[in-house]
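Only one structure is covered here, and it is reproduced in the block below.
Read-outs: derived from the displayed coordinates by stated rules, not from any lab. Remember, predicted model here, so these are calculated numbers, not experimental data. Positions of Cβ are backbone-derived with ideal geometry, glycine not excepted, and every protein chain shown enters the neighbour counts.
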Amino acid sequence: VDETNARLGLAAAGVEPELVDQCRQRIAAEAASGALPARSAEFLEGVLASGESSVPSVLALIKMAKLGMTVDTLRGDCVPTSVPILHAPSPSSFFQEHVLPNRPAVLRGVL
């Protein structure tokens, strides 16, 4: 991250607080427009305030939250303990049962 920031000129003094401020504004705007659920916005504000994640990481989490990932998923609390192996599932059942809820699966016999 430090090397990337240096290459992009983001390592200069005073740039990081400005990026954090822009990120906060983006979270507020997305929440106000309804594109970002309130619970997700609150979680992302906390991540940003903690300083434990970089601004690009928080921006990626904003995008994921807008796509429908829950706060538990963003936190990493929904890590599957097992992944099912599906043998030639129908496209509609695979889409409904795995793609939409963001559940992993190993596909066999689909080619």
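Across the alpha-carbon set of region 71-111, the Rg to Rh ratio works out to 1.04, Rh being the Kirkwood radius.
Taking only Cα atoms of the chain, what ratio of Rg to Rh do you get with Rh as the Kirkwood inverse-distance radius?
Working: Rg = 18.1 Å, Rh = 16.3 Å.
Ratio value, two decimals: 1.11.
Going 7 Å from the Cα of residue 72 in the Cα-to-Cβ direction, what parts of region 23-50 have a backbone nitrogen less than 15 Å from that spot? Under 15 Å, as judged by backbone N against the label point of residue 72, lie 40 of region 23-50.
In order along region 90-96, phi translates into HN-Hα couplings of 6, x, 5, 5, 4, 4, 5 Hz, rounded to whole numbers, per the Karplus curve 6.51 cos²θ - 1.76 cosθ + 1.60 with θ = phi - 60° and x for Gly and Pro.
Taking only the Cα atoms of region 18-68, the radius of gyration and Dmax are 9.6, 28 Å.
For a Förster distance of 30 Å, can you work out the FRET efficiency between the beta-carbons of residue 28 and residue 103, rounded to the nearest 0.05? Working shown, then result.
Working: r = 31 Å, r/R0 = 1.04.
Calculated transfer efficiency: 0.45.
Sum -39500 (n - 2.57) across every DSSP H segment of at least 4 residues in the chain, then divide by the residue count to get the 222 nm mean residue ellipticity, nearest 500. Each step should come with its number before you reach the end.
Numbers: 6 runs with 59 residues, N = 111.
Using -39500 (n - 2.57) per qualifying helix, the result is -15500 deg cm²/dmol.
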